[in-house]
Amino acid sequence: MKSRESVVSAHHNYLVNQMLAPGFLIGNPVSKDEFYFLADVVLPGESEPKICSRLYDAHGGFILEMEAREIVQNPSGCLRQPFPGGYRIVTPSGESLLNVQTESFANGFLTRIQGKLYDQGGKLRIEPYYDAIQVHGEVGLWLKEPFRKK
Amino acid sequence: MNIVVCIKQVPDAPSIRMDRERMTIIRDGVESIINPLDRVALEAALDLKQKEGGTVSVLTMGPSQSEEALRESMAAGADQAILLTDPLFAGADTLATSKVIGSAISKMDPFPDLILCGRQTIDSDTGHVGPQLAEELNLPQVCGVTEIHVEMNALVVKQLSDGFQNTYRVSLPALLTVSMGLNVPRHIPLGDLEEAFSTARVIRWGLKDLKLQREEVGFSGSATTVLRLYKPPQKRKGEIVSGSSQTLAENLIDKLVSLSILDEDEAE
Amino acid sequence: MKTKQSRDWEGVWVFGDYRNYFQNRVTLQLIAKGRQLARDLGTEVTVLVLGSQIHQYAMEYTAHGADAIMVVDHPNLKNYQVETYVRVVSQLVQNFRPEILLAGATAFGREFFPRLAKRMNTGLSADCVALEIDGSKRLLIQTTPAFGGDLLADIITPEHRPQMATVHPGVFEERIHDHEARARILYPEVDVQAEERVQLIRSKPDQSRKGGLEDADVVVVGGKGLGSKENFQMLFELARLLGGEVGATRPVILSGWAEENRLLGQTGKSVKPKLLITAGTSGAVQYTTGIQGAETIIAINRDPHAPILKMADLGLVGDAKTVLSLLLEKLRKRL
């Protein structure tokens with residue numbers, strides 16, 4: 001019987017590849033011109049997801065780089081629009097690139113990410129799947145501890 | 001509609017006494033009755049027969065004495081009674097019991113449209129035989145039914161379960177177990193009882209009639225074993241007070257005060 | 001199934017019944033006990049979660065002590081349905097081979113587990129009040145009330161696996177919620193085919209659920225020893241005066257003196273009030289299982305040898321009806 005396996009946290013999880021995970025990392029965060037997507041571990045006491053990423057379009061063109069609550073490099077002038085429970089990143093023409101929404105339970109949180117994300121080669125790495133995302137290519141590195149200790 | 005009702009003869013619970021020295025049940029003078037919820041099941045069957053036509057058969061697995069329960073059911077209006085009895089059936093857990101009863105029902109021609117059982121018995125109280133019988137016969141089940149309505153080839157039933165009232169449509173053939181509240185069993189006139197005990201015929205089937213193997217029935221066919229029986233340990237060593245009802249009532253009031261449920265100062 | 005290789009079966013599984021989650025704590029109680037049993041066996045406790053969009057419960061069970069969570073998330077599992085669930089769980093059990101499988105003795109559990117046990121040709125004990133491991137043989141000792149109530153039976157399932165049991169709510173204590181807890185989570189690929197022969201038409205909360213017996217601070221219970229339905233009615237006034245609720249024993253329900261949702265005991269409700277007054281009840285284990293969690297128990301019975309008197313904190317030997325009438329007189333004057 002085939003079976004997929006992950007780790008689940010009592011406090012906060014992301015929904016990715018139809019599984020719960022405390023955190024995950026795809027791609028290469030260290031290099032300055034490569035795609036990466038980091039959904040970092042959220043510890044008890046915190047309630048907001050920590051998403052850092054370098055986004056590219058379907059042709060491999062660089063779009064933006066974001067770190068947690070802000071966009072740090074933004075050549076095309078995208079906007080970060082918060083709404084109750086989350087935020088979305090939209091292009092100047094209003095197209096939604098990324099949607100991050102956190103559901104609150106009595107004792108914990110679940111963050112659903114939606115978006116169609118390409119890497120620097122124009123290859124599709126993340127795409128929407130029902131109410132969350134499916135990751136393509138290499139198996140994402142499941143995180144058990146926070147990657148970036150801020 | 002052809003209905004089979006599974007019943008069990010059980011000791012009338014309040015009259016069980018224990019010989020505490022020898023850890024045995026004192027069976028002298030203990031009345032045997034049809035398990036109360038099985039009476040409710042039988043009543044439901046007779047009700048359906050009245051409305052839809054058909055036959056009601058009652059069936060039980062037990063020692064010879066269980067025949068009394070079957071005759072009583074015939075007196076209430078059942079058309080056919082079958083006793084499943086064999087020394088090898090003894091010591092069965094519900095796995096083995098459902099095997100025996102299921103085999104008997106499979107032997108019936110025509111196969112029933114509906115099987116009714118009481119949800120649980122007052123002696124062993126597991127409530128397992130109904131669902132396990134449904135599984136043995138590969139039938140859909142609903143347990144703890146409080147209402148039954150007939151539709152074309154199906155029944156619409158209501159069930160109270162864990163704080164919800166559920167309504168289901170169940171296709172036939174099916175097995176239902178019934179709860180209190182479904183009906184109030186009819187009183188059986190003495191004359192009908194006398195007739196059932198003198199003239200009614202009870203069919204008897206044993207291991208060979210059911211074409212089962214020894215390993216499938218009774219103690220051998222069971223998966224669970226009782227390791228030991230014992231008295232429950234007493235955790236509270238409370239005080240026991242005797243006296244006149246006045247004294248006892250006063251004692252109670254004092255206790256309520258000490259627990260702060262009543263205030264001390266209220267004068268009588 | 002019957003097996004000579006019981007060594008191949010490993011692990012303690014608990015079925016996650018998450019309906020009415022915050023009120024219904026039995027799964028959490030079983031996770032705590034299951035964890036202890038697993039440690040005694042040198043293994044882990046896994047909680048099965050079947051349903052649709054059940055992420056919250058996977059996280060809650062993690063917080064309450066699960067070592068692993070096994071999830072089957074599918075729209076066909078949204079409503080609890082016996083055969084659909086039996087189909088899924090039996091596939092999981094056949095594949096993963098847990099040695100022990102536990103569920104709370106909720107109405108669903110008591111309908112689902114027997115069918116599942118039969119599907120897998122294994123033994124099941126109902127409504128256990130204790131569970132322990134016999135380490136030398138890796139056997140689960142399942143303790144249930146027996147013989148209509150006066151005794152306890154220790155039951156084992158020597159040659160079949162898994163060893164299955166449903167457990168009475170309120171017997172074990174849950175572990176407190178731990179926000180830092182983590183668990184492994186598995187998503188097995190199973191065939192989830194809905195049972196078509198039983199269709200749920202509608203489901204609504206049971207309105208007749210009288211006043212929350214389970215939440216009352218004071219519970220007053222009557223047994224057949226009260227003598228009549230009229231005498232039983234006294235309990236309603238007593239409950240009102242003391243700010244409590246009325247409970248009943250099985251013989252009382254069968255006699256039509258009270259409705260079934262007042263039933264306390266093995267097949268009824270379990271209560272843990274501050275005070276429980278039990279009048280005219282003899283003390284069958286099937287009943288006392290439902291009240292043993294009360295802080296203080298006062299019992300009234302005219303038989304000095306009635307078991308209830310020994311299990312109470314205060315036992316009054318007298319005629320229940322008379323003592324209660326006098327008590328009511330005195331209370332009416334005071335309050």
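Key figures
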item: Flag if A:SER76 is modelled with pLDDT of 95 or more, hydroxyl-bearing (Ser, Thr, Tyr), exposed (fewer than 15 other Cβ atoms within 10 Å of the Cβ) and farther than 15 Å from A:LEU38 by Cα; result: no
item: Listing of helices (runs of 4 or more DSSP H) fully contained in segment C:231-335 that carry 2 or more residues being without any contact (Cβ under 8 Å) to a residue 40 or more places away in the chain and more than 22 Å from B:GLU239 (Cβ to Cβ); result: C:250-254, C:320-334
item: Single condition B:ALA41 does not satisfy, out of (1) in contact with a Ser or Thr (Cβ under 8 Å, 6 or more places away or on another chain); (2) farther than 19 Å from B:PRO173 by Cβ; (3) crowded, with 20+ Cβ neighbours inside 10 Å; result: (2)
item: Positions within segment C:288-298 being facing chain B (nearest Cβ under 8 Å) and in contact with a strand residue (DSSP E or B) (Cβ under 8 Å, 6 or more places away or on another chain), in sequence order; result: C:THR296, C:ILE297, C:ILE298
item: Failed criterion for B:ASP123 (all others in (1) within 18 Å of C:PHE147 (Cα to Cα); (2) buried (at least 24 other Cβ atoms within 10 Å of the Cβ); (3) of a type outside the set (Gly, Ala, Ser) hold); result: (2)
item: Subset of segment C:44-67 (residues that are part of a helix (DSSP H, G or I) and either touching a helix residue (DSSP H, G or I) at 6+ places or on another chain (Cβ under 8 Å) or charged (D, E, K, R) (or both)); result: C:GLU60, C:TYR61
item: Neighbours by Cβ (under 7 Å, 6+ apart or cross-chain): first from segment A:8-37, away from chain C (no Cβ under 14 Å) and over 22 Å from A:GLY85 (Cβ atoms); second assigned to a strand (DSSP E or B) and small (Gly, Ala, Ser); result: A:GLU34/A:GLY27; A:PHE35/A:GLY27; A:TYR36/A:GLY27; A:TYR36/A:SER53
item: Residue in segment A:89-98 that is part of a strand (DSSP E or B) and either on the phi > 0 side of the Ramachandran plot or in contact with a Gly (Cβ under 7 Å, 6 or more places away or on another chain) (or both) present; result: yes
item: Residues that are crowded, with 24+ Cβ neighbours inside 10 Å and at the interface with chain B (Cβ under 7 Å from one of its Cβ atoms), drawn from segment C:119-129; result: C:GLY123, C:LEU124, C:SER125, C:ALA126
item: Residues that are of a type in the set (Ser, Thr, Tyr), within 20 Å of the chain's Cα centre (by Cα) and within 7 Å of another protein chain (Cβ to nearest Cβ), drawn from segment B:138-167; result: B:SER161
item: Single match in C:ALA239, C:ALA183 (criterion: of a type in the set (Gly, Ala, Ser) and closer than 24 Å to B:LEU160 by Cβ); result: C:ALA239
item: Pairs where the first residue, in segment B:243-256, is within 7 Å of chain C (Cβ to nearest Cβ) and the second is hydroxyl-bearing (Ser, Thr, Tyr) and in a helix (DSSP H, G or I), C-beta under 8 Å, 6+ apart; result: B:SER245/C:THR322
item: Of residues in segment C:198-230 being buried (at least 18 other Cβ atoms within 10 Å of the Cβ) and part of a loop (DSSP other than H, G, I, E, B), the one farthest from the other protein chains (Cβ to nearest Cβ); result: C:ALA216
item: Failed criterion for A:VAL42 (all others in (1) surrounded by fewer than 20 Cβ atoms within 10 Å (Cβ to Cβ); (2) in contact (Cβ under 8 Å) with a residue 12 or more places away in the chain; (3) in a loop (DSSP other than H, G, I, E, B); (4) within 14 Å of chain C (Cβ to nearest Cβ) hold); result: (1)
item: From the options C:VAL246, C:VAL192, residue that is surrounded by 20 or more Cβ atoms within 10 Å (Cβ to Cβ) and in contact with a strand residue (DSSP E or B) (Cβ under 9 Å, 6 or more places away or on another chain); result: C:VAL246
item: Segments classed as strands (runs of 3 or more DSSP E), wholly inside segment C:95-134, with at least 2 members that are in contact (Cβ under 8 Å) with a residue 60 or more places away in the chain and of a type in the set (A, V, I, L, M, F, W, C); result: C:100-104, C:130-134
item: All positions within segment B:46-67 that are crowded, with 18+ Cβ neighbours inside 10 Å and of a type outside the set (A, V, I, L, M); result: B:LYS49, B:SER57, B:THR60, B:GLY62, B:SER66, B:GLU67
item: Segment B:35-47 residues that are within 10 Å of chain C (Cβ to nearest Cβ), paired with ones that are among the charged types (D, E, K, R) (beta carbon under 8 Å, 6 or more apart); result: B:LEU37/B:ARG119
item: Test: residue in segment C:35-43 that is farther than 30 Å from B:GLN165 by Cβ, modelled with pLDDT of 95 or more and part of a loop (DSSP other than H, G, I, E, B); result: yes
item: Residue ID - nearest to C:ARG119 (Cα to Cα), chosen from residues in segment B:168-177 that are facing chain C (nearest Cβ under 7 Å) and not hydroxyl-bearing (Ser, Thr, Tyr); result: B:VAL170
item: Selected residue (criterion: surrounded by the fewest Cβ atoms within 10 Å (Cβ to Cβ)) from residues of segment B:192-216 that are in contact with a helix residue (DSSP H, G or I) (Cβ under 9 Å, 6 or more places away or on another chain) and within 14 Å of chain C (Cβ to nearest Cβ); result: B:GLN213
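The values are calculated or read from the model by the stated rules, or taken from the named source; none is laboratory data. In this text the structure is predicted, and so the values were computed from the model without any measurement. Because the Cβ atoms are built from the backbone with ideal geometry, glycine has one as well, and the counts that use them run over all protein chains shown.
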